[in-house]
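Okay, structure first, notes after.
The values are calculated or read from the model by the stated rules, or taken from the named source; none is laboratory data. Note that the structure is predicted; figures quoted are calculated from it, not measured. With ideal geometry, Cβ positions are generated from the backbone for all residues, glycine too; neighbour counts draw on all protein chains shown.
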Amino acid sequence: MAERLRAAAWLMLAASSGCSFAPAYHPPVAPAPVAYKEQGPWTPAEPASLSAAGDWWTLFGDATLDGLERRIGTDNPTLAGALGRYDEASAYLREARAGLFPHIGLDADITRNRQSDNRPLRGSNQPDLYPADTVGGEAGYELDLWGRVRNSVAAGRAEAEASTDDLAAIRLSLQSRLASSYIALRGYDRQIDLLSATVDAYAKADAMTRRRFAGGIATGIETGQSGAQLAEAQAQLADLRNARALTEHAIASLVGTPAPNFSIEAAPASLTLPPIPAGLPSTLLQRRPDVAAAERRMYAANREIGVARAAFFPSISLSGQGGFQNTGLPGLFTAPNIFWSVGPSAVLNLFDGGRRRAQVAVARANWTQATADYRGDVLKAFQDVEDGLSQLHHLGDEAVAEDQAVTQAAQAERLSLNRYVKGAVDYLDVVTAQTTALRTRRQAIRLETLRLQASVGLIKALGGGWRGGAQTARTQTTPSLTTPSTGA
């Protein structure tokens, strides 16, 4: 008995120091640029204390936007679904971790039995009716000599961490979509105000032209031009109101409210263009939750290779059972009725038609896919930042030029109308000048809206906030990332 106990102890020691057949994990080194190409001299180089991580939308200084963003976390169904997937991944992790512990069970069997009168080998000393009562338990533990269970747990933990990052990425995507939609809505408000004032001005100009026509000063062509210009402005105003309504409906869905029950009152724009520190490119991969999720899935795929390779080796378990057995309940729990058995068991599959080799091939193919996905996400991350910087840079230059165009067009509009009243030019010059002035004003508003939306896009590309340059995504400190796996 003592020898058996010593053998079991040695097996337990071997299990605790067992090897792993997962390849040594080395995350691919993504070539990080030294600096962003599109970062202009106007971009702050060092992150400042502009916003707490996660509350980046407060940079725009709009109380209504702040209130809407806070509703994303509680009312958005897409985010609720992502939270459900995270809970699912966490449950799978707990299921995998259960394999690290022994399983223990109890059973009881209290029966009355009758044997057939025509049973084979019927003996005179075998009763036809007899009770059989058994109360006992069993315990078992799989020795993880080849790392199958430990690699399964590591893969499950990595998948749970990836789900955490997925949740952060979806939250950031929804927040940025809401901010961009809200900025668009306020841009429509400004254009509606502009078109409303323009319609009023065009209506006065049309009335003046018709009075001049009635007095024999203007021609029918001029009244047609003024009337057409007024109707075109009214059509543009209706189009803007429709676009605003659709944007408001989209915001309602984002905050989890039925569109008929939701409205945002038109208000003067109070959004400010925030300074956004791009930081160093080398920190981007730590701040982006989608990149972090891709890295964790790559690590999980690496551990799954170890799980698949461990199937080529025997599964060794320690098990034992014992209890009381008697032909009746009276006296069941007495020493003569004790039974027990204990000992190791091993199972080795000698031939499976190539199934295990196929499973290893599948695991390696998943690793290849996960690695490629990670590299693709890294490239996309740098592209997103460069796109955002480029938009802010060039849209800023365009906005400066457009402001000059607005000033010049307004002057031309004023002069042409004065000259028309004095009879120096015909109404076509007025129409041309007014059309140009309206177009430049609307373009200026559109450019300001695009710059604000580009700021949202850049914040999303940078990972959704910062605080003193620290990363905002989940910090990756898994010890196994720097500890190579060993062979058997």
*Subset of the range 103-137 [loosely packed, with under 12 Cβ neighbours inside 10 Å, at pLDDT 80 or above and either within 59 Å of the chain's Cα centre (by Cα) or at positive phi (or both)]*: Ile104, Gly105, Leu106, Asp107, Ala108, Asp109, Thr111
*Being hydroxyl-bearing (Ser, Thr, Tyr) and out of contact with any helix residue (DSSP H, G or I) (no Cβ under 7 Å at 6 or more places or on another chain) is the filter; apply it to the range 403-434 and report the residue that is nearest to Ile217 (Cα to Cα).*
Thr432
*Taking Val149 as the residue in question, decide whether it is in a helix (DSSP H, G or I), more than 28 Å from the chain's Cα centre (by Cα), in contact (Cβ under 8 Å) with a residue 12 or more places away in the chain and within 30 Å of Gly343 (Cβ to Cβ).*
yes
_So for the range 199-219 (the condition being touching a Gly at 6+ places or on another chain (Cβ under 8 Å), over 24 Å from Glu448 (Cβ atoms) and outside any helix (DSSP H, G or I)), does at least one residue qualify?_
yes
*Could you check how many residues of the range 139-148 are modelled with pLDDT of 85 or more and either within 19 Å of Gly331 (Cβ to Cβ) or in contact with a Leu (Cβ under 8 Å, 6 or more places away or on another chain) (or both)?*
1
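Residue by residue, here is whether (1) of a type in the set (A, V, I, L, M, F, W, C); (2) over 30 Å from Pro277 (Cα atoms); (3) assigned to a strand (DSSP E or B) holds:
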| site | (1), (2), (3) |
| --- | --- |
| Gly320 | no, yes, yes |
| Phe324 | yes, yes, yes |
| Gly328 | no, yes, no |
| Ser341 | no, yes, yes |
| Ser390 | no, no, no |
_I need the full set of residues from the range 171-223 which are hydroxyl-bearing (Ser, Thr, Tyr) and in contact with a Ser or Thr (Cβ under 8 Å, 6 or more places away or on another chain), in order please._
Ser181, Tyr182, Tyr188, Tyr202, Thr209, Thr223
*Of everything in the range 328-343 that's exposed (fewer than 14 other Cβ atoms within 10 Å of the Cβ) and in contact (Cβ under 8 Å) with a residue 40 or more places away in the chain, which residue is farthest from the chain's Cα centre (by Cα)?*
Gly328
_Just to verify a result, which residue in the range 244-295, among those that are part of a helix (DSSP H, G or I) and acidic (Asp, Glu), is nearest to the chain's Cα centre (by Cα)?_
Asp290
*First in the range 49-75 and over 15 Å from Ile276 (Cβ atoms) and of a type in the set (Lys, Arg), second anywhere and assigned to a helix (DSSP H, G or I) and modelled with pLDDT of 90 or more, Cβ under 9 Å, 6 or more apart*: Arg71/Leu178; Arg71/Leu254
*Are there any pairs, at least 6 apart or on different chains, whose C-beta atoms fall under 8 Å, with the first in the range 425-438 and under 15 Å from Thr209 (Cβ atoms) and the second part of a helix (DSSP H, G or I) and among the basic types (Lys, Arg), and if so, which?*
Val425/Arg419; Asp429/Arg419
*Given the residues Ala370, Ala381, Ala363, which is the only one that is closer than 30 Å to Ala454 by Cβ and not polar (S, T, N, Q)?*
Ala381
*Going through the range 83-111 one residue at a time, which ones are free of Cβ contacts under 8 Å to residues at least 24 places away in the same chain and in a strand (DSSP E or B)?*
Thr111
*When the range 345-369 is examined, which residues are found to be outside any helix (DSSP H, G or I) and either surrounded by 11 or more Cβ atoms within 10 Å (Cβ to Cβ) or β-branched (Val, Ile, Thr) (or both)?*
Ser345, Val347, Asn349, Asp352
*Go over the candidates Ala259, Ala233, Ala250 one by one and state the one that is under 24 Å from Lys460 (Cα atoms) and surrounded by 12 or more Cβ atoms within 10 Å (Cβ to Cβ).*
Ala250
*Filtered residues of the range 430-442 (kept if surrounded by fewer than 17 Cβ atoms within 10 Å (Cβ to Cβ) and of a type outside the set (S, T, N, Q))*: Arg439
